[in-house]
Amino acid sequence: MGTKGVLCSVVPKEDKGGFSVAEGKTKVKKARSGEKPGAVELIQSYLMVAGTVLGVVIFVAIPLGWVLRWFMSKYKGYGKIKYVGFDNFKRLFDMSKSALYWQSIRNTFVFAIGKLLVEIPLALVTAFILTRKIKFRNFFRAMYFMPSMISVAIMGVVFTYLFSHQSGVVNNIIRQFGGKGVEWFSGKTSAMLMLMIASIWQNFGLNMLFFMTGLQSIDPAMYEAATVDGASNTRQFFSITIPLLGPVLQMVLMNAILGSLKVTDLVLTFTNGRPNGGTEVMMTYVYKLFFDSASAMDYGFGAATTAFTALILGIVTIFYLKSTKKSANVY
């Protein structure tokens, strides 16, 4: 080996940005050995998380603190603030005084369970089909995902045009066959069904993309080996696809459950809780206690209701994570 070769082997190489390979290896060794990072690395780390922490403080912690300070008071947004102790919680658990809130809890869980029983299997099956080599699959992917980008206001216009009692497209088709138009938003059951359909239409495309990402990460060799062993497509789906999608399925389900339990804008836009509170959900009930009108605002009771609603969401989240802990592990 010549002098030039010896020098090249001794002097560390540098990339275009002036970062030497030896320096990079040294940092990796420090990280692996558990050595504390330097001041620059610490500053970079803090700056990376600062935006998220600041957002949580400004948009979560401060508003939540502002709300919860009223839960032991009686205050309508004007006049004197009166301390009432735990009277707001007593009123909350008095079924005769808070019947609409407890009805909204029932409506929320009916809405969430009903839509998720359709939305999640539909998204999973659609993702499974669209990861296969079929014609126009990119077109179908775009079409199914498109409703996720549409605002709730536009969805309201579309569904009103489709299901309006007098001039809706669906009722006009029914009348063409000799039937009577259905008042879709007049009955509690039909109005809730319309909300479920709208929510499924809006959200299943996004869940489909999450499932597609998980499906594409599964090694095709596993399906080939299963085919050689004589496993049918159905057997492969339940024995390979579902178990290996565990982490993705856990994440998608958790987001879908919490999103369904926190639904607000869709209900306010479509039904505003009508008819007779039949589609009122927890978040719309709380929203109206703070922002509905000057006569209906009740900050103290609204704060107590907010705290209890947050407790319900927390319990559901913890129970779900505990019950799906094993499914998140893929071996």
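Read-outs throughout are calculated quantities, based only on the coordinates presented, and are distinct from any laboratory measurement. On a predicted model such as this, the values are computed, not experimentally measured, just so you know. Quick reminder, even Gly has a Cβ in these numbers, built from the backbone with ideal geometry, and neighbours come from all protein chains shown.
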Table column - 3J(HN,Hα) (Hz), the stretch 63-76, Karplus curve with 6.51, -1.76, 1.60, x for Gly and Pro: x, 5, x, 4, 6, 5, 5, 8, 5, 10, 10, 10, 7, 9
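Shape call for the stretch 218-326 from the C-alpha gyration tensor, a ≥ b ≥ c root eigenvalues: rounded (a/c under 1.5), prolate (a/b greater than b/c) or oblate?
Values: a/c = 5.05, a/b = 2.80, b/c = 1.80.
The shape class here is prolate.
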Sequence gap at least 6, Cα distance under 8 Å: using those rules, report the relative contact order of the chain to the nearest whole percent. 25 percent
Rounded to the nearest Å, what's the spacing between the alpha carbon centres of the stretch 113-130 and the stretch 163-227? Just the number, please. 10 Å
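What order, most packed first, do the peptides 277-287, 172-182 have when packing is the mean number of other Cβ atoms within 10 Å of each residue? Let's see the in-between values first.
Values: 277-287: 22.5, 172-182: 10.7.
Ranking the peptides 277-287, 172-182 by packing returns 277-287, 172-182.
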Crossing angle, helix 21-33 versus the chain [Cα axis fit, 0-90 degrees, rounded to tens]: 60 degrees
Roughly what would the spin-label model give for residue 62 and residue 86, points 7 Å off Cα along C-beta, in nm? 3.3 nm
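What is the gain in length, in nm to one decimal, between residue 233 and residue 313 on full extension, counting 0.36 nm per residue of separation less the C-alpha to C-alpha distance? Write out the running numbers ahead of the final one.
On the way: separation 80, 0.36 × 80 = 28.80 nm, distance 3.77 nm.
Length gained, residue 233 through residue 313: 25.0 nm.
Does the stretch 84-213 come out rounded, prolate or oblate, given a ≥ b ≥ c as the square roots of the eigenvalues of its C-alpha gyration tensor, rounded meaning a/c under 1.5 and, failing that, prolate meaning a/b above b/c?
Numbers: a/c = 2.79, a/b = 1.39, b/c = 2.00.
Judged from the Cα gyration tensor, the stretch 84-213 comes out oblate (a/c at least 1.5, b/c at or above a/b).
For the stretch 88-330, what class follows from the C-alpha gyration tensor (a ≥ b ≥ c being the square roots of its eigenvalues): rounded when a/c is under 1.5, otherwise prolate if a/b is larger than b/c, else oblate? Walk me through the intermediate numbers first.
Values: a/c = 2.69, a/b = 1.42, b/c = 1.89.
It comes out oblate by the Cα gyration axes.
Gain in length, residue 100 to residue 113, computed as 0.36 nm per residue apart minus the alpha-carbon separation, to one decimal in nm? Could the numbers behind the result be given before it?
Numbers: separation 13, 0.36 × 13 = 4.68 nm, distance 1.99 nm.
This chain segment gains 2.7 nm when fully extended.
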Rough spin-label spacing in nm, given labels placed 7 Å along Cα→Cβ, for residue 53 and residue 197: 4.9 nm
A correct Karplus calculation of ³J(HN,Hα) over the stretch 101-114, with 6.51 cos²θ - 1.76 cosθ + 1.60, θ = phi - 60°, whole Hz and x for Gly and Pro, returns 5, 5, 5, 5, 5, 4, 4, 5, 6, 4, 4, 5, 5, x
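Starting from the stretch 126-156, pick out the trypsin sites (Lys or Arg not before Pro) whose DSSP state is loop and whose Cβ has at most 12 other Cβ atoms within 10 Å. Before the final figure, lay out the partial values.
Numbers: sites: 132, 133, 135, 137, 141; in loops: 132, 133, 135.
Listed in order of number, the matching sites are 132, 133, 135.
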By how many nm would the segment from residue 78 to residue 222 grow when fully extended, if each residue of separation counts as 0.36 nm and the alpha-carbon distance is taken off? 45.2 nm
Long-range HN-HN contacts of residue 73 with modeled amide H, under 5 Å: 84
